[in-house]
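> Mind having a look at this structure? Questions to follow.
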Amino acid sequence: MLVAQVLGQVFMKRPFDDPFSAIETVLKTHPLGGLAQASLIDMHCEATSEKMAMGHYCDGRASVVVGTHTHVPTGDAMVLPKGTAYQTDAGMCGDYNSVIGMDKEEPLRRFITGMSKGRFTPASDEATLSGLYVETDDKTGKALKCKAIRVGGRLSESLP
């Protein structure tokens, strides 16, 4: 199993290396069905368009491309045309009765006043597990199906 993380560039404060060039090297040296029975690429970035572009760029060459960073699960879990499972953002594992997993008081103060007073502290209400479930073909490493997961916490289940 290959697990790789690439950092996006759009709306990020630091100039990271090009994630497309970085993952190209990894995918060439770890082809599906070869050294890697399956592969998961975490696209950690802000822009949904950059995450989607990475999904299509890796389609058929990675088992899964899933976005992280925005802490909110997206409703677009799918298997792309060439066999890569994709979701723009897996969401966060933590207390959703919060501001991205933090106790609401300090983030609200910063948004309202523009000034910080203290440190962010983790919220401590019931946690929610968010993620992406993927089944892959044992021989090719390509995704057969995928489904977004949300369990626990205050989130209500989606209607069928």
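> Mind giving me the nanometre distance, one decimal, between the label points for N97 and F16, set 7 Å out from Cα along Cα→Cβ?
If labels sit at N97 and F16, their model points lie 3.3 nm apart.
> Taking amide H positions as placed in the peptide plane 1.01 Å from N, state which residues far from L32 in sequence (5 or more) or on other chains have amide H under 5 Å from it.
Counting only residues 5 or more places away or on other chains, the set is empty.
> Right, something else. Loop sites only, by DSSP: take the GluC sites (Glu not before Pro) in the chain that have at most 13 other C-beta atoms within 10 Å and name the longest stretch containing none of them.
Working: sites that count: E126, E157.
Longest site-free region, per DSSP loop and neighbour criteria: 1-125.
> Testing the spin-label approximation: label points 7 Å from Cα along Cα→Cβ at R109 and S49. State their distance in nm.
3.7 nm
> Can you report the principal axis dimensions of the chain using only the alpha carbons, biggest first, rounded to whole angstrom?
Computed over the chain, the largest-to-smallest principal extents equal 52, 41, 22 Å.
> Can you compute the charge dipole magnitude of the stretch 43-143 about its Cα centre, using +1 on each Lys and Arg Cβ and -1 on each Asp and Glu Cβ, nothing else charged? Give it in debye, rounded to the nearest 20.
Details: 10 positive and 14 negative charges, 67 e Å.
Dipole of the stretch 43-143, to the nearest 20 debye: 320 debye.
> May I have the count of lysine pairs in the stretch 15-130 with C-alpha atoms under 22 Å apart, counting pairs 8 or more residues apart or located on different chains? List each step's numbers first, then the result.
On the way: K28/K51; K28/K82; K51/K82; K104/K117.
Summing the qualifying lysine pairs gives 4.
> Let me ask something additional. Which is farthest toward the positive dipole end of the stretch 43-136 among S49, V99, V65, measuring Cα position about the Cα centre, with Cβ charges +1 (Lys, Arg) and -1 (Asp, Glu)?
The listed residue farthest towards the positive side: S49.
> May I pose another question? Mind listing which chymotrypsin sites (Phe, Trp or Tyr not before Pro) in the stretch 1-101 are in a DSSP loop and have 11 or fewer other Cβ atoms within 10 Å?
Values: sites: F11, F16, F20, Y57, Y86, Y96; in loops: F11, F16, Y96.
Here the sparse-neighbourhood loop sites are F11.
> Using modelled amide H (1.01 Å from N, peptide plane; none on Pro or chain starts), what sits under 5 Å from the amide H of Q5, excluding residues fewer than 5 places away?
Hits under the 5 Å cutoff: D42.
> On the principal axes of its Cα set, how long, how wide and how thick is the stretch 1-89? Give whole Å, largest value first.
Principal-axis extents of the stretch 1-89 (Cα, largest first): 36, 29, 18 Å.
> OK, next. Give the long-range amide H neighbours of L144: residues separated by 5 or more places, or on another chain, with amide H under 5 Å away, using H modelled in the peptide plane at 1.01 Å from N.
E135, T136, D137
> With each pseudo-label sitting 7 Å past Cα toward Cβ, what's the H56-R119 distance in nm, one decimal?
The two pseudo-label positions are separated by 4.3 nm.
> Relative contact order (percent) for the stretch 39-153, with alpha-carbon contacts under 8 angstrom and 6 or more residues of separation? Spell out each step's value before the answer.
On the way: 265 pairs, mean separation 27.4, N = 115.
After rounding, I find 24 percent.
> Apply the Karplus curve 6.51 cos²θ - 1.76 cosθ + 1.60, θ = phi - 60°, to the phi angles in the stretch 6-20 and return the couplings in whole Hz, x for Gly and Pro.
10, 9, x, 10, 5, 6, 8, 7, 10, x, 7, 4, 4, x, 5
> Select from the stretch 1-79 those trypsin sites (Lys or Arg not before Pro) which occupy a DSSP coil region and have at most 11 other Cβ atoms within 10 Å, ordered by residue number. Kindly include the intermediate steps, with their values, before the conclusion.
Working: sites: K13, K28, K51, R61; in loops: K13, R61.
Counting only loop positions with at most 11 other Cβ atoms within 10 Å, the trypsin sites (Lys or Arg not before Pro) in the stretch 1-79 are K13.
> Calculate how many DSSP beta bridges within the chain are antiparallel, expressed in % of all such bridges and rounded to the nearest 5. Write out the running numbers ahead of the final one.
Values: 14 of 30 bridges.
Antiparallel bridges make up about 45 percent of those DSSP assigns within the chain.
Read the figures in this text as sums done on the coordinates, not as results from a lab. What you see is a predicted model, and the numbers here were worked out from it, not measured in a lab. Cβ: placed from backbone, ideal geometry, glycine included. Neighbour counts: every protein chain shown.
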